[in-house]
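Student: First, the structure itself, so that you have it in front of you.
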Amino acid sequence: MSGFGLVLLLAVSPFVDALKSRGVSSRWSSGATQSIAVCVAGCAMAAFPFVDASGPRLVLIALAFGGTAIAIPLHYMTTAEVVPPAQRGAVFGIGTLPGLVAPFLTGHLIDAADTPAAGYTQAFLVAGAAMLTAGAFALAAIRPERDARRLGLDAGARP
């Protein structure tokens, strides 16, 4: 994790807590925060291959990996509001599947391209598109309070 990712990680919890203490729903306090972070990270990831200067490239990589660093703990918080404790391990385990597929897909894209540089560009674009799509979908779909009501859970009693 980068220093920037660490700063974001340490800052996000007080930010989410402040929003929740002001009565902001989990959908907006943690759901939108993680969704927007993933969208920003996806845009940075997709832009990276098209920037040549080292300073802006460093900023883009920090945004790409820092954004995902804060999304992960927020994902756990949001999921914990609607998934009973006995089932959380299975749900969290499903969330690790992209980590198994991404290296294979990235390697395939690099190997199948005309040049390694073209393969890396394609891999960054695919990763960015996947992140942007997932972030936008999450922004529309994450509604822990509604989901807890539908499942008959008390959202307020969950961590």
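The values are calculated or read from the model by the stated rules, or taken from the named source; none is laboratory data. Remember, it's a predicted structure, so these values are computed and weren't measured experimentally. Surface areas here come from the heavy atoms of the whole protein model, side chains and all, with no ligands, DNA or RNA. Shrake-Rupley method; radii C 1.70, N 1.55, O 1.52, S 1.80 Å.
Student: Quote the relative contact order of the chain in percent (integer), defining contacts as alpha-carbon pairs under 8 Å separated by 6+ residues. List each step's numbers first, then the result.
Tutor: Working: 184 pairs, mean separation 57.8, N = 159.
RCO, the chain: 36 percent.
Student: For the chain, what is the Kirkwood estimate of the hydrodynamic radius, computed as the reciprocal of the mean inverse distance between distinct Cα atoms, to one decimal in Å?
Tutor: Values: mean 1/r = 0.0592 Å⁻¹.
Taking every pair of different Cα atoms in the chain, averaging 1/r and inverting gives 16.9 Å.
Student: Using the Kirkwood radius over Cα pairs, work out the Stokes-Einstein diffusion coefficient for the range 93-144 at 37 °C and 0.692 mPa s, in µm²/s as a whole number.
Tutor: Details: Rh = 12.3 Å.
The estimated diffusion coefficient comes to 268 µm²/s.
Student: Taking springs between alpha-carbon atoms closer than 10 angstrom, which of 37, 18, 136 fluctuates most in the Gaussian network model of the chain?
Tutor: Highest fluctuation of the listed residues: 18.
Student: Could you pull out every whole DSSP H run in the chain that spans at least 20 Å of Cα extent along its own axis and averages -0.5 or higher on the Kyte-Doolittle scale?
Tutor: On the way: long enough: 3-21 (28 Å, 1.55); 32-47 (22 Å, 1.57); 54-82 (43 Å, 1.07); 97-112 (23 Å, 1.18); 116-141 (37 Å, 1.30).
Once both thresholds are applied, what remains is 3-21, 32-47, 54-82, 97-112, 116-141.
Student: Over the chain, what percent of the accessible surface lies on carbon and sulfur atoms, probe 1.4 Å?
Tutor: Working: 6500 of 9150 Å².
Summing carbon and sulfur atoms, their accessible area is 71 percent of the total for the chain.
Student: Over the range 78-159, with the other protein chains present, what is the accessible area per residue in square angstrom, probe 1.4 angstrom?
Tutor: Using a 1.4 Å probe on heavy atoms only, each residue of the range 78-159 averages 63 Å².
Student: Take the range 1-87, compute every pairwise Cα distance, and split them into 10 Å bins from 0; I just need the percent in each bin.
Tutor: In order of increasing distance, the bins hold 18, 42, 28, 10, 2 percent.
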